[in-house]
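Quick notes on the structure that follows.
The values are calculated or read from the model by the stated rules, or taken from the named source; none is laboratory data. Just so we're clear, the structure is a prediction, and the values are computed from it rather than from any experiment. Because the Cβ atoms are built from the backbone with ideal geometry, glycine has one as well, and the counts that use them run over all protein chains shown.
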Amino acid sequence: MPTVLVAHSRDGLGGSVITGALLAKAIESSGEWKTLSVCNTAGPPLDYHRKIGIEVVPLMESQGLPYTPKPDDGNRLRRIAKRFTLYRAARRFLRTATPAIIHVHDESSALAWGLAAHARGIPLIWQVHQQLPQRWIDWLLRRLASHIVFVAANNQRRFNGTVLPASSVIYNGVDLSVYYPAGNRREGPVKIGFVSNLVDRKRPDWLVRAAGRLAREGLNVRVLLAGNDFSGGAKAKELQDLAKQEGITGRYDYIGPRSDVPDVLRSLDILVLPSERDKEAFPRIVVEAMACGIPVLATAVAGVPEAVVDGETGLLTDPDDFEGFVDALRELVADEDMRRRYGEAAVARCRALFSMEANAAAISRVYRSVTADHSAQQAELSSFA
């Protein structure tokens with residue numbers, strides 16, 4: 001059975017790591033491929049893989065390289081140093097391992113493993129989880145990747161019409177046996193949630209400011225934030241201070257990173273994701289909330305409009321229009337019947353388009369195509385030997 005090496009470079013647990021881990025599990029369960037995941041070192045990404053039963057290797061320890069994890073990659077020089085260390089580790093790893101394919105989910109992994117794989121003649125699949133262009137990295141990775149997987153059609157804008165290798169659009173999948181609607185809706189305040197890492201590009205402060213506005217208008221709202229704070233607590237404190245300034249301290253909760261995300265989502269009435277323009281790809285929390293029957297209010301960025309149908313499964317607003325975001329949130333808070341309709345439509349859309357089974361089947365087709373092309377190329381080269 002051919003082995004797919006799934007490589008991650010993130011030290012924090014985020015969407016690309018979770019997507020890669022869940023996909024590896026679904027791919028292996030098909031019986032067609034064996035998967036082996038690698039994470040930098042001990043920490044949340046490695047722990048998550050082990051929790052869901054995925055074979056995973058701590059890369060740096062396995063290759064005898066010192067490494068200090070940093071969930072926030074920091075400045076440019078630190079990222080360059082990290083990528084060089086990753087390349088050394090990947091090159092050493094591939095001296096004894098011979099996977100049929102290497103599948104990467106972030107740019108640092110794509111660079112390190114792409115260069116190492118190229119030297120060994122191993123095809124690389126790069127799954128793009130960010131729409132923001134990175135000019136020189138994109139230039140190199142277009143030449144190293146055998147196939148590029150876009151998690152939304154809109155993410156192809158990252159390359160602005162440049163020539164690409166073979167590519168596919170494959171939406172992130174959701175395990176519908178885990179993410180499903182709650183049986184009954186609870187009474188009380190309308191609970192609005194932000195369930196993502198507390199990073200500036202996702203703008204959790206928009207929710208706090210908007211909720212403060214609605215509370216002052218007399219609407220009965222409560223705010224829940226859940227996710228990692230990679231700043232060591234500084235961002236959480238900033239948001240807590242903002243909640244106090246907005247006068248909603250008693251209606252505001254930050255519960256940190258959670259392992260029970262489905263239950264957290266099912267406790268909500270509305271999920272919001274007011275991300276900045278071009279700073280997302282296809283955020284999985286959006287489809288996870290939809291699968292749980294939660295209407296989503298998000299900014300219309302990257303692949304979000306391919307998940308959320310405005311006026312049908314949720315509401316979308318312009319990423320530069322805070323007042324429009326407040327107006328949309330007010331509309332959802334005030335109309336319980338609208339929330340119910342959108343939630344029901346969201347569940348139906350998820351079941352039709354975003355199941356984990358459909359995701360894994362599409363990726364398996366890419367694996368078969370890439371390995372067939374690689375075998376044909378090797379046979380052609382052998383004929384000239």
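Numerical summary
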| item | result |
| --- | --- |
| Conditions (1) out of contact with any Gly (no Cβ under 6 Å at 6 or more places or on another chain); (2) under 29 Å from ILE27 (Cβ atoms); (3) at pLDDT below 95; (4) assigned by TED's automatic domain parsing to the domain that holds ARG341: number failed by PRO262 | (3) |
| Matching residues in the range 227-264 - criterion: being touching a residue at least 24 places away in the same chain (Cβ under 8 Å) and under 17 Å from PRO189 (Cβ atoms) | ALA243, GLU246, GLY247, ILE248, ARG251, TYR252, ASP253, TYR254, ILE255, VAL264 |
| Qualifying residues in the range 36-55 (those that are at pLDDT below 95 and of a type in the set (Val, Ile, Thr)) - the one nearest to ALA90 (Cα to Cα) | THR41 |
| All helices (runs of 4 or more DSSP H) inside the range 239-353 with 1 or more residues being among the aromatic types (Phe, Trp, Tyr) and under 25 Å from SER177 (Cβ atoms) | 336-353 |
| Where PRO71 falls short, out of the listed (1) in contact (Cβ under 8 Å) with a residue 60 or more places away in the chain; (2) in contact with a strand residue (DSSP E or B) (Cβ under 7 Å, 6 or more places away or on another chain) | (2) |
| Pair list, Cβ under 6 Å, 6 or more apart: the range 330-357 residue crowded, with 21+ Cβ neighbours inside 10 Å, other residue among the aromatic types (Phe, Trp, Tyr) | PHE354/TYR171 |
| Complete set of residues in the range 86-112 that are within 20 Å of LEU13 (Cβ to Cβ) and either outside the structural domain of ALA166 (by TED's automatic domain parsing) or not aliphatic (A, V, I, L, M) (or both) | HIS103, HIS105, ASP106, GLU107, SER108, SER109 |
| Test: ARG222 is within 18 Å of PHE325 (Cα to Cα), under 20 Å from the mean Cα position of the chain (by Cα) and assigned by TED's automatic domain parsing to the domain that holds PHE325 | no |
| PHE194 vs. criteria outside the structural domain of PRO305 (by TED's automatic domain parsing) and of a type outside the set (D, E, K, R) | no |
| Flag for ASP310 being surrounded by fewer than 24 Cβ atoms within 10 Å (Cβ to Cβ), in contact with a strand residue (DSSP E or B) (Cβ under 8 Å, 6 or more places away or on another chain) and modelled with pLDDT of 95 or more | yes |
| Residues within the range 113-132 that are closer than 28 Å to ARG277 by Cα and either assigned to a loop (DSSP other than H, G, I, E, B) or touching a residue at least 60 places away in the same chain (Cβ under 8 Å) (or both), tallied | 7 |
| Total residues in the range 27-44, condition part of a helix (DSSP H, G or I) and under 24 Å from GLU280 (Cα atoms) | 1 |
| Residue count, the range 45-67 (criterion: under 29 Å from VAL286 (Cβ atoms) and surrounded by 18 or more Cβ atoms within 10 Å (Cβ to Cβ)) | 6 |
| Unique match (being within 30 Å of ASP253 (Cα to Cα), outside any strand (DSSP E or B) and not hydrophobic (A, V, I, L, M, F, W, C)) among ARG201, ARG157 | ARG201 |
| Which numbered condition ASP278 fails, given (1) within 18 Å of SER196 (Cβ to Cβ); (2) among the charged types (D, E, K, R); (3) free of Cβ contacts under 8 Å to residues at least 24 places away in the same chain | (3) |
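Residues checked against (1) surrounded by 21 or more Cβ atoms within 10 Å (Cβ to Cβ); (2) over 20 Å from VAL333 (Cβ atoms):
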site: LYS202; (1), (2): yes, yes
site: LEU219; (1), (2): no, no
site: GLN240; (1), (2): no, yes
site: ASP253; (1), (2): no, no
site: VAL264; (1), (2): no, no
site: ASP269; (1), (2): yes, no
